[in-house]
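Taken together, the values in this text are just the output of simple stated rules run on the coordinates, not laboratory data. Treat the numbers as computed from the prediction; the structure is a model and nothing was measured. Reconstructed Cβ throughout: ideal geometry from the backbone, glycine too, with neighbour counts over all protein chains shown.
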Amino acid sequence: MANWSDPRTDRMGYGATTAPRAEAYDAGLRSYMLSVYNYMASGVLLTGIVAMLFAQSGLAYQVLAGPGILKWVIMFAPLIFVMVLSFGINRLSTVAAQGIYWAYAAVMGLSMASIFLVFTGTSIAQTFFATAAAFAGLSLYGYTTKKDLSGFGTFLIMGVIGLMVAMLINIFMQSTVLDLAISAIGVLIFAGLTAYDTQKIKSVYAYVAGTEMVGKSVVMGALSLYLDFINMFMFLLRFMGNRE
């Protein structure tokens, strides 16, 4: 795998990476990545709080386990928010993109309240901290590595598609063995995507620095890492969580 080249050298040109400009770029990059991580962590926190409160209210069981269209709205609403952000980001203002991101995190919390009905609180907490530790290490690797992970990312994205197909098949097969295999592979895929997306977000800064796209790029970067974290958590919980 080829070494990854810092895109800032392509933007600045030969001989232009003087110490003051390099320092300014690095400071801007650190601020940019910190904003991405802050948005991502705040989104995860909001999702967790909403999920816990919804589950403790008793409404989660009535809505998510009972009949009615509301549970389907809660299940598919997060997908709609992601599609709006992904395909409409160029037409949205930064404030609108931020608002949709927070709304998405809150609705995702309603959807994820079901885990409190299935798994013990202890196993949920243990899985969360295990995921957080793994995410931190993988994202740090993606940020610091000199290897180009773009080819690796393409392979992982194809793996996500295969994973979705396998999950669809298992809805009808109801195979415990296949379910465990899906969970284990899902953890590995989203672990890899965490490193890949971190490097991708870092490289994007070179192209949005100093433009009005910075705010939107922060939101989209946070969304990518949020999805990696949540999916890794959910697959790990399915794999090692203790059921009620």
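Given 0.36 nm per residue, what is the gain on full extension from Ile69 to Thr122 after removing their alpha carbon distance, in nm?
Roughly 16.0 nm would be gained on extension.
Please give the peptides 92-98, 49-55, 21-27 ranked by average Cβ packing (other Cβ atoms within 10 Å per residue), highest first, as a rough proxy for protection. Can you show the working numbers first?
Details: 92-98: 15.1, 49-55: 18.6, 21-27: 12.6.
Result, highest mean Cβ count within 10 Å first: 49-55, 92-98, 21-27.
Using the Cβ atoms and a cut-off under 11 Å, what net charge is assigned to the surroundings of Met167, where Lys and Arg are +1 and Asp and Glu are -1?
0
Can you tell me which lysines have their Cα less than 21 Å from the Cα of Lys146? Leave out same-chain residues fewer than eight positions away.
Lys200, Lys202
Which helices of the chain meet both criteria: a Cα extent of 24 Å or more along the helical axis and a mean Kyte-Doolittle score no lower than 1.6, with helices taken as whole DSSP H segments?
70-88, 150-173
Add +1 for every Lys or Arg and -1 for every Asp or Glu among the other residues with Cβ under 13 Å from the Cβ of Met232, and state the total.
Numbers: positive: Arg238; negative: Asp197, Asp228.
The answer is -1.
If the only charges are +1 at each Lys and Arg Cβ and -1 at each Asp and Glu Cβ, what is the size of the charge dipole of the chain around the Cα centre, to the nearest 20 debye?
So the dipole magnitude of the chain works out to roughly 160 debye.
With the dipole of the stretch 8-240 worked out from charges on the C-beta (+1 for Lys and Arg, -1 for Asp and Glu) around the Cα centre, which of Gln98, Pro67, Leu193 lies farthest toward the positive end?
Gln98
Assuming 1.002 mPa s and 20 °C, estimate D for the chain with Stokes-Einstein, Rh taken as the Kirkwood radius over Cα pairs, in µm²/s.
Roughly 110 µm²/s, to the nearest whole number.
Note the full-extension length gain between Leu53 and Ala184 as 0.36 nm times their separation in residues minus their Cα-Cα distance, in nm to one decimal.
Working: separation 131, 0.36 × 131 = 47.16 nm, distance 2.90 nm.
Fully extending the segment from Leu53 to Ala184 adds 44.3 nm.
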